[in-house]
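Shown next, in C-alpha cells, is the structure this report addresses.
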Amino acid sequence: MTDDIQADIAAVSQIPLINTLLDVICETTGMRFAAVARVTDTKWVTCATKDLINFGLKPGDELPLTTTICDEIRQSHQMVVIDDVALDKDYKDHHTPAMYGLKSYISIPIFRRGNEFFGTLCAIDPEPKMLNNPRVIGMFTLFAELIAFHLDTAEKQNKSESELVREQKIVRLQQIYNKDLALANEKLAATQKQQEELLKQLTSANAKLQQAIETGNMGTWSIDPVSYEVTMSEYIRELFGFPSEGAISVAQILETIDPAYQEALATILSHAMLQRKDSDIEYPIKNIQTGERNWVRATGRLFFDEEDNITVYSGVLMDITNRKRDEDKQAMLAAIIESSEDAIVSKTLDGIITSWNNSAERMFGFREHEAVGKHISIIIPDDRLAEETQIISKVRNSERVEHFETMRRAKAGNEVPLSLTVSPIRNEKGDVIGASKIARDISRQKEAEERLQSYAEHMEILNTIGQTISADLDTQGILQKVTDATTQLTGAAFGAFFHNLVNDKGESYTLYTLSGAPREAFEKFGMPRNTKVFAPTFSGDAIVRVDDITKDPRYGKNKPHKGMPDGHLPVVSYLAVPVRSKNGEVIGGLFFGHPKAAMFKKEHEQLAAGVAAQAAVALDNAKLYGEIKVLNAKKDEFIGLASHELKTPLTGINGYLQIIERSMPADDRNKNFIKKALAQVGKLTSLISDLLDVSKIQTGKLPLSYAKFDLSTILTEVSDMMQQSHITHQIELHYNKKSIHINADQQRIEQVLINLITNAIKYSPGAGKVIINAELIGEKVKVSVRDFGIGIDKDQHDRIFSRFYRVENLAAHMSGLGIGLYISHEIIERHKGKMWVDSELGKGSTFTFELPVG
Ligand code: ADP
C-alpha cells in the first residue's frame, strides 16, 4: 500500500465522530454494514467500518476494485442507491450483489476540495431496505461532505505545520552558518598574522642576504633585457677591475674572461635571454687593472611582468678562487693517490674502509666498490687480526706506525707481503677520526732477499760439494758424489753422470754413475747416443731444460724407439748440463729426470751447472793424479832396478878395496885413502840398500825375520857404535829395565835406531848431546831419540814420514834422500808398532817408536 493511502486511512480515522457517523447510518437505515472506502483507479481500501454482519473488513483491508460498484462511482461521480437488488433493473444481474450476497446497497461519492474524488461512504445489507428516499440520501450526502471537509481541514493543518518546521530549519542553519563564519573569520585573522610573520622573516632573511652579499665575497648584478647594459655592485666592479661608475657592457665582461670560457658564458647569456633559462656558471677572470686571476661563480634569475616579458635578468656573483684552489689541490692529491704505486686506503676507527685507490685494487684484487664500506678485515689474514687492533689503538693515540712488515690477503686468497705505514686522520678540531694506510708491496724485495738467501745457500752447498769432491782423487767416487749431490739439489727423481774417458791405448770409453735409480734401469738401454735431445749436452753447446721432454720437438726423432724405449724411467721434466774440462773439452754430461712436468727451474739449472764446473776440476785432478800414479810406479820400478844394478858392482868394489887394503904394508901412505874409499863405498852401499828397501816396501816385498832378542843390549851396542863414529855429540842412554825382550827383526830395529840417531846428530849441529830413552810400560816398549837441534815445524810433522820428503831450505851439509824416516816408519808399522815426532822449530826434536813386547 502506498504511503498516500496509508496517510488517507490515518486521516479518516482521525475525523472526530467518524464512528458515530457510521453508527447513525446503520441505526437510521437498518443497514448492518457501513464503511468509508478510499477508491483510486487501482484500489479499493477500507478506511473505517461499522460491521454488524461480520462482513470481515477492517481499516486497511482491500477489495478487488473490479468486484465493487465503487469503481463505477469513481468514474461516473454518481451515487448508487439500491433498495432491493432483485427489483432493481440496473443491478439485478450485476456481479457485485451476487458476489457479496447483498440485497440492499447505497454508496455516495466523497469529493475533496476542488472536486477531487476521494472514495465513497457506503452501506450494505443482505436484506432489502428502504434507501431510495431524500432523507436517507440527504443524510449520506451530508455525511460525505463532512468527511471531505474534515479531510481537507486536516490536510491544511498538516501543511502549515511542515512549513513551520522548514522555517525553523532555516533559522537553525543560519545559526550554524553564522558560527562557521565567525570561525572562518578567526582563521583568516590567524593566517593573516602568520603571513605578516612570514613577511617579517622574509624581510629579515633578505636583509641578512643583502648583508652577506655586502660583506662576503659576493656581489649582485643585473642585465637590462633591452639595452643589455650591465649593472653591478661595487664588489664585482673591483673584482673585475672596472671603474666604480658608468655602464658596463656584456662585451667588456667577456673580455676579462679566460678565452676558453668566453663561448660558454656567451651561450649561457643567450640561453637566458632567448630560452628564458636561469643560469649558473663558473669561470676564471683576469682583473683588467691588476692582471690578478680569480675564479668566480655567477648565478642568474629571470624576472617577468604580467605579460610574461623579461623585466630583469639578475643574480649574484661570488669569488670562488679559494674553493677552486682547494678543489685543484684535492684533485691533485686524488691524482697523486690514484697514480701512486703504493696501495693507499683510509678507514674509520671502527675499521670500515672509506677510500681505496687504484694500486689497492691491483694489490688486493678488490674493486673500489667492493671494498669501500666493508671492514678492513677482508684483507687481513685470520692469524693477523690482532695486529689490526694494535695498529688502531696506536692510531687512536695519535701515533704513526711506520714501515711495519706484515702480510695481507688478496681477494684470490694469496698472501701479499707488505710494508705498512699507518697515520691518523684528524678532523678540523684535531680529533682522530680514522686512519690512512700506505701499503707497499714488498713481494719483489722479499723475493730478492729469498733469492739472495738461496744464492748464499747454493754457494755454500757448492762450496761443500767442491771440497768433498776435490778431496777425492778417485774418478768413480767423484762421479757418484756429484750425481748424488746434484740429484738431491735439483729435486730430480733420478740423475745420471756420463763421463767420457780415453784409456792409455787411446780408446775412448764411458763411465757413468746413477742416483735415484738402479743400475739395471740403464744397463739394458746402453749409453745415450748422439740424438737430437742429447747432442747439445755432449757437444757442450748448452744446458737443456725442458718442462715436458715428450712434447719437445727434438724428442722422438730417432729409430728404433722414437722416444724413450719401453721400460725406460718415466722422464717428463728433463735437465741436462754439459761438463767441460779446464781446456774446454766436453768430458761428460749430467742428466736429470722427473716423472712430473715443469719440475726444474732456472735455479736448479744454475746449481747443476755450478756443480758440473766443480766436477770438471775434480775430474781433471783425478786424471792428473792417475797419471802421476803411473809415473810414480815407473819411477819406483826404475829405482828398484837401478839400485839392484848398482849393488852388484859396488859389492865388487868393496871386496877389491878390502883386498888392496890387506895387501898393503901397514905404513903405506896410501892406506888412509883406501880406508876413506871404503867408508864412501859403505855410505853408497847403505844408500843403495835404502833405495832397495824403498822399492821393496812399495812392492810389498820387504822381508822381516822375527827373533827374540834383548832390546837393551841392542840399544847399548848401537849407541856405543854411533858414539865412536860421531865425536861431536855425547850420546846418553837411559832405560828403566836391564833387559827388554822383544820378538822382532833385530837388524831392521837396529836400522831404525841408527837412522834416528844419525838424524839427531845431523840436524843438531853444535848441540853436543843426544838422549836415548827406553821404557818398558806394561806390554809395550817405548824408545825415543831426543836432540836439541833445528827442530821441525808442526805442519811438517806428518809429511816427514813420506817417501822422498825433505823439509825445504835445509843447510847444505844436511844432505839426504828423504827416505830414512819413511823406511823406519814402515818397519815399525810392520811390527805392529807406532812412530811419531814431537818437535818445535829451533828447540830440537824427539822421535819415538813403540813396539809390543813379547
Ligand atoms: P834425510 O835425513 O835423508 O833427508 P829422512 O827421511 O831421514 O831423510 O828425514 C826426512 C827429513 O826429516 C829430513 O830431510 C829432515 O828435514 C827431517 N828430519 C829428520 N830427522 C830430523 C831431526 N832429528 N831434526 C830435524 N829434522 C829432522
Let me spell it out: the conditions are (1) surrounded by 16 or more Cβ atoms within 10 Å (Cβ to Cβ); (2) touching a Ser or Thr at 6+ places or on another chain (Cβ under 8 Å); (3) not aliphatic (A, V, I, L, M), and residue 358 meets all of them except one. Which number is the exception? (1)
Say whether the condition of being in contact (Cβ under 8 Å) with a residue 24 or more places away in the chain and not in a helix (DSSP H, G or I) is met by at least one residue in the range 131-148. yes
Residues of the range 724-746 being out of contact with any helix residue (DSSP H, G or I) (no Cβ under 6 Å at 6 or more places or on another chain), under 19 Å from residue 710 (Cα atoms) and in contact (Cβ under 8 Å) with a residue 40 or more places away in the chain, which ones? 732, 734, 736, 741, 743, 744, 745
For residue 809, the lone unmet condition from (1) of a type outside the set (Asp, Glu); (2) more than 12 Å from the ligand (Cβ to nearest atom); (3) at positive phi is (2)
Tally up the residues in the range 767-789 that are out of contact with any strand residue (DSSP E or B) (no Cβ under 9 Å at 6 or more places or on another chain) and either closer than 15 Å to residue 846 by Cα or at pLDDT 95 or above (or both), please. 0
Kindly indicate whether residue 732 is among the acidic types (Asp, Glu), out of contact with any Phe, Trp or Tyr (no Cβ under 8 Å at 6 or more places or on another chain) and at pLDDT below 95. no
How do the helices (runs of 4 or more DSSP H) wholly within the range 296-380 filter down when requiring 1 or more residues that are out of contact with any strand residue (DSSP E or B) (no Cβ under 8 Å at 6 or more places or on another chain) and of a type in the set (Ser, Thr, Tyr): which remain? 321-339
What number goes with the only condition from (1) modelled with pLDDT of 90 or more; (2) of a type outside the set (S, T, N, Q); (3) buried (at least 20 other Cβ atoms within 10 Å of the Cβ) that residue 25 does not pass? (1)
Just give me the residues in the range 62-96 being surrounded by 13 or more Cβ atoms within 10 Å (Cβ to Cβ), in a loop (DSSP other than H, G, I, E, B) and charged (D, E, K, R), in sequence order. 83, 84, 88, 92
For the range 586-618, which residues satisfy the criterion of being over 33 Å from the mean Cα position of the chain (by Cα) and either of a type in the set (S, T, N, Q) or more than 21 Å from residue 516 (Cα to Cα) (or both)? 586, 587, 613, 614, 616, 617, 618
Restricting to the range 818-836, name every residue that is within 9 Å of the ligand (Cβ to nearest atom) and out of contact with any helix residue (DSSP H, G or I) (no Cβ under 7 Å at 6 or more places or on another chain). 818
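Quick check: anything in the range 731-748 closer than 15 Å to residue 828 by Cβ, polar (S, T, N, Q) and surrounded by fewer than 16 Cβ atoms within 10 Å (Cβ to Cβ)? Give the derivation first.
Narrowing the range 731-748 to residues closer than 15 Å to residue 828 by Cβ: 742-748.
Checking the rest, the ones that are also polar (S, T, N, Q) come to 743, 746-747.
Keeping just the survivors that are surrounded by fewer than 16 Cβ atoms within 10 Å (Cβ to Cβ) gives 743, 747.
Yes, there is a match, as at least one residue in the range 731-748 is closer than 15 Å to residue 828 by Cβ, polar (S, T, N, Q) and surrounded by fewer than 16 Cβ atoms within 10 Å (Cβ to Cβ).
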When both residues are 6+ apart or on different chains and their Cβ atoms are under 9 Å apart, which pairs have a first residue that lies in the range 495-523 and is within 14 Å of residue 568 (Cα to Cα), and a second that is of a type in the set (D, E, K, R)? 495/484; 516/484
Which condition number does residue 832 fail, the rest of (1) loosely packed, with under 14 Cβ neighbours inside 10 Å; (2) touching a Ser or Thr at 6+ places or on another chain (Cβ under 6 Å) being met? (2)
Restricting the range 839-854 to residues that are more than 9 Å from the ligand (Cβ to nearest atom) and in a strand (DSSP E or B), the residue that is farthest from residue 706 (Cα to Cα): 840
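Examine the range 778-795 for a residue that is over 21 Å from residue 732 (Cα atoms) and near the ligand (Cβ under 8 Å from one of its atoms), and state whether such a residue exists.
Taking the range 778-795 first, the residues over 21 Å from residue 732 (Cα atoms) are 778-780, 792-795.
Cutting the leftovers down to near the ligand (Cβ under 8 Å from one of its atoms) gives us 792.
The answer is yes; a qualifying residue exists.
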Only one of (1) of a type outside the set (Phe, Trp, Tyr); (2) under 17 Å from residue 34 (Cβ atoms); (3) surrounded by fewer than 14 Cβ atoms within 10 Å (Cβ to Cβ) does not apply to residue 104, and that is (3)
I'm checking my understanding of the structure. Among residues of the range 796-806 that are part of a loop (DSSP other than H, G, I, E, B) and more than 8 Å from the ligand (Cβ to nearest atom), which one is nearest to residue 846 (Cα to Cα)? 797
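Could you look through the range 756-783, keep only residues that are of a type in the set (S, T, N, Q) and surrounded by fewer than 20 Cβ atoms within 10 Å (Cβ to Cβ), and pick out the one that is nearest to residue 836 (Cα to Cα)?
773
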For the range 441-534, list the helices (runs of 4 or more DSSP H) that sit wholly inside it and hold at least 2 residues that are under 27 Å from residue 627 (Cβ atoms); which are they? 443-471, 475-490
Just give me the residues in the range 18-45 being without any contact (Cβ under 8 Å) to a residue 24 or more places away in the chain and under 19 Å from residue 4 (Cβ atoms), in sequence order. 42
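The values are calculated or read from the model by the stated rules, or taken from the named source; none is laboratory data. A quick note: this is a predicted structure, and the numbers were derived from the prediction, not measured. Virtual Cβ from ideal backbone geometry, glycine too; neighbours counted across all protein chains shown.
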